[in-house]
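J.: Below are the structure tokens for one structure; questions will follow.
The values are calculated or read from the model by the stated rules, or taken from the named source; none is laboratory data. Being a predicted model, the structure only gives us computed values, none of them experimental. No Cβ is skipped: glycine too gets one built from the backbone with ideal geometry, and neighbour counts run over all protein chains shown.
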Amino acid sequence: MLQALHIQNFAIIQELSLDFSQGMTVLTGETGAGKSIIIDAVGLLAGGRGSAEFVRYGTKKCLLEGHFSLNENQEVIKLLDEHAIDSEDHVIMIQREIFATGRNVCRVNGTIVTISVLKEIGNALIDIHGQNEHQELMVPESHIELLDQYGDKDLATAKKHYKEYYKQYKAVKKEQNEWQYNEQELAQRMDILRFQVDEIGEAQLEDHEEETLKEEEQKLSNHQSIVEALSSSYNALQGEEISGLDLVGQAMDSLSSIEGMDDKFKQISDTVSAAFFQIQEASSDIYNEMDNLEYDEERLNDIETRLNLIQQLKRKYGQSIEEIKAFYDKAVAELEKIENREGQMDHLNKKIKDLEAKLLKEAYELSKYRRQAAKRLEKAIHEQLKELFMDKVIFSVNFSKEMKEFVIKDAYENGMDKVEFYVATNPGEPLKPLVKVASGGELSRMMLAMKTIFSKEQGMTSIIFDEVDTGVSGRVAQAIADKIYSVAQYSQVLCITHLPQVAAMADQHLYISKVIVDERTSTHVEKLSEGSKVEEVARMLAGSEITKLTIDTAKELLILASKKKADKY
């Protein structure tokens, strides 16, 4: 349910904050006052297409913010969990900023999300039914989706299983098609793979080989510098004329003669003694290194050649020896597949045959539940149409073929059924495609009938009707008012209307008007009291001139509406 809406610098709205209640809320007012702009704002919070044109002239950005209670809407809760969006107390806050530059920033509970994620969540929160939405009925391809919306859990489960097998089937078919290259392309690919496999295989690369070779190369390349440094160090410590080690030994002997006289002398003597033995050990290590040090120019050339080879392979196949070896393994596997093409094709053909059998079985199961749902939908639609004074209309869900006629070539993502709604609008006429025979008014009422049915099934948080009652009057207008109010028993309803019958049924009535603030037009919203409701319904009845008679008629309409709600709901 939409609890609160805040709008800032959006179209002609400078700043507006609205609180909404459960049940049915109507928005009325003169044409151009901003009623549809408010609905547009809600639509943008649900992931609608944003544009810099929405930003109020002279400002840098517009801000939209909506607070929703989830009312155990499991679909939204699941989506929030999937996208790692925190939600507490089953409340969700959606914010959207649209900048004059065209940039959009969307947040759900403070987490920045993409427009596509916002649309996913918005579609599960809000259902906006506009003046032209009945055009959905004019697209036969959409009829199967409308039918499936009405289906039960068995239908939903069957459809999920079918789609899983269909996805696998398409993937295997794609792989099969990829294998059906012409012989020349396969031969060229095999030549390339063989060259790559041979080139990498002949190199016999070892893990961490490059690092080890670079260390050895550095030593050989700096042989002369190493020899000079070791020789100089050894001469300084063990030279024939002046020996650093002998001098430290003399100091050690001198200090040992007085170390018993004072603890401080003892500490110094111990330090020098330790240093003597460490220097002696270091001298021995330096001598051994000098003794073992050899310069092998041929080995240096071999190392440089090997490193050049590794570098060439890295340029072709990866950034490291590990990546090159991974490329090699992948190339070997692909080469084996191509060389074993017949076996691979046999394997794929067997897999496709198995999936086709499973797909047909799942298609039968899905169609069975779909046809059961169609019978229930037909009955439910007829009941709703009676209440909308279309009791003579016959509505039928037409399946293009029987289940026994299904063949695998009929398979597509929604099953193997082709579904279209048929109607007979007058007694004695045959059933014909709805898209060819229904008028605009009939389509609008049929869609309203479906919304009434689906609102019970879907648990939609909020449903918005944007002037769906245009062009009707009299008893049909009252029937539409009753129908919209019945929808509000299962979902929160926001409704823009010009019909007094619809306005009279509202639980909450908001009046939208235009005001001039600082020489700029802005939208103003007023929540009407009971007395103000009478005046507004009277205005809707009479137009500009309100008389005592229209006031009395408005009062009577509101009293009848209250009585009807009390008796029926």
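J.: On the given criteria, is M450 at pLDDT below 85, within 23 Å of A124 (Cβ to Cβ) and in a helix (DSSP H, G or I)?
T.: In short, yes.
J.: Given the conditions (1) assigned to a loop (DSSP other than H, G, I, E, B); (2) surrounded by fewer than 16 Cβ atoms within 10 Å (Cβ to Cβ); (3) out of contact with any His (no Cβ under 9 Å at 6 or more places or on another chain), report the number of the one that S116 does not fulfil.
T.: Of the numbered conditions (1) assigned to a loop (DSSP other than H, G, I, E, B); (2) surrounded by fewer than 16 Cβ atoms within 10 Å (Cβ to Cβ); (3) out of contact with any His (no Cβ under 9 Å at 6 or more places or on another chain), the odd one out for S116 is (1).
J.: How many residues does segment 1-59 hold that are part of a strand (DSSP E or B) and among the acidic types (D, E)?
T.: Total meeting the criteria: 2.
J.: Run down I321, I338 and say which single residue is within 27 Å of T212 (Cα to Cα), surrounded by 15 or more Cβ atoms within 10 Å (Cβ to Cβ), touching a residue at least 12 places away in the same chain (Cβ under 8 Å) and of a type in the set (V, I, T).
T.: Only one candidate passes the filter, namely I321.
J.: For M290, state whether it is modelled with pLDDT under 90 and either closer than 30 Å to F421 by Cβ or within 38 Å of the chain's Cα centre (by Cα) (or both).
T.: Criteria not met by M290.
J.: Let me ask another. Where in segment 492-542 are the strands (runs of 3 or more DSSP E), entirely inside, with at least 1 residues that are closer than 27 Å to I128 by Cα and touching an Asp or Glu at 6+ places or on another chain (Cβ under 8 Å)?
T.: 492-496, 508-517
J.: While we're here: Could you list, in sequence order, all residues of segment 456-486 that are at pLDDT 80 or above and either of a type in the set (A, V, I, L, M) or touching an Asp or Glu at 6+ places or on another chain (Cβ under 6 Å) (or both)?
T.: I463, I464, V476, A477, A479, I480, A481, I484
J.: Right, Y181: within 16 Å of L366 (Cβ to Cβ) and either at pLDDT 90 or above or surrounded by 14 or more Cβ atoms within 10 Å (Cβ to Cβ) (or both) or not?
T.: no
J.: Here is a further query. Given the criteria part of a loop (DSSP other than H, G, I, E, B) and over 19 Å from I39 (Cβ atoms), does V476 qualify?
T.: Judged against the criteria, V476 is not a match.
J.: Out of segment 492-530, which residues are in contact (Cβ under 8 Å) with a residue 40 or more places away in the chain, loosely packed, with under 14 Cβ neighbours inside 10 Å and hydrophobic (A, V, I, L, M, F, W, C)?
T.: Hit for segment 492-530 is V517, nothing else.
J.: Looking at (1) at pLDDT 90 or above; (2) in contact with a helix residue (DSSP H, G or I) (Cβ under 8 Å, 6 or more places away or on another chain), find the lone condition where K219 falls short.
T.: (1)
J.: Oh, and also: Any residue at all in segment 48-62 that is within 25 Å of K533 (Cβ to Cβ), modelled with pLDDT of 85 or more, aliphatic (A, V, I, L, M) and touching a Gly at 6+ places or on another chain (Cβ under 9 Å)?
T.: no
J.: Something else about it: Restricting to segment 202-230, name every residue that is without any contact (Cβ under 8 Å) to a residue 12 or more places away in the chain and within 23 Å of L313 (Cβ to Cβ).
T.: E202, Q204, E211, T212, E215, Q218
J.: Another question, then. Quickly run through segment 379-423 and pick out the residues that are touching a helix residue (DSSP H, G or I) at 6+ places or on another chain (Cβ under 8 Å) and either of a type in the set (G, A, S) or on the phi > 0 side of the Ramachandran plot (or both).
T.: The answer is A380, F389, S396, A411, G415.
J.: Tell me yes or no: at least one residue of segment 347-370 is part of a helix (DSSP H, G or I) and within 29 Å of D198 (Cα to Cα).
T.: yes
J.: Report, by residue number, each residue of segment 385-409 that is part of a helix (DSSP H, G or I), more than 14 Å from F421 (Cβ to Cβ) and modelled with pLDDT under 90.
T.: Within segment 385-409, K386, E387 meet the criteria.
J.: For the condition on the phi < 0 side of the Ramachandran plot, under 23 Å from the mean Cα position of the chain (by Cα) and assigned to a strand (DSSP E or B), what is the one hit in I98, I77, I85?
T.: That would be I98, the only listed residue that is on the phi < 0 side of the Ramachandran plot, under 23 Å from the mean Cα position of the chain (by Cα) and assigned to a strand (DSSP E or B).
J.: Look through S284, S254, S273, S233 and report the one residue that is in contact (Cβ under 8 Å) with a residue 40 or more places away in the chain, more than 30 Å from V332 (Cα to Cα) and in a helix (DSSP H, G or I).
T.: The match here is S233.
J.: Among what's in segment 18-57 and is free of Cβ contacts under 8 Å to residues at least 24 places away in the same chain and within 25 Å of M540 (Cα to Cα), pick the residue that is surrounded by the fewest Cβ atoms within 10 Å (Cβ to Cβ).
T.: T31
J.: So how many residues does segment 201-219 have that are surrounded by 13 or more Cβ atoms within 10 Å (Cβ to Cβ) and not in a helix (DSSP H, G or I)?
T.: Number of matching residues: 1.
J.: Under 29 Å from the mean Cα position of the chain (by Cα), surrounded by 14 or more Cβ atoms within 10 Å (Cβ to Cβ) and more than 24 Å from V515 (Cβ to Cβ), is that true of M1?
T.: Judged against the criteria, M1 is a match.
J.: Can you name every residue in segment 487-532 that is touching a Gly at 6+ places or on another chain (Cβ under 6 Å) and among the aliphatic types (A, V, I, L, M)?
T.: Selection gives A488, I512.
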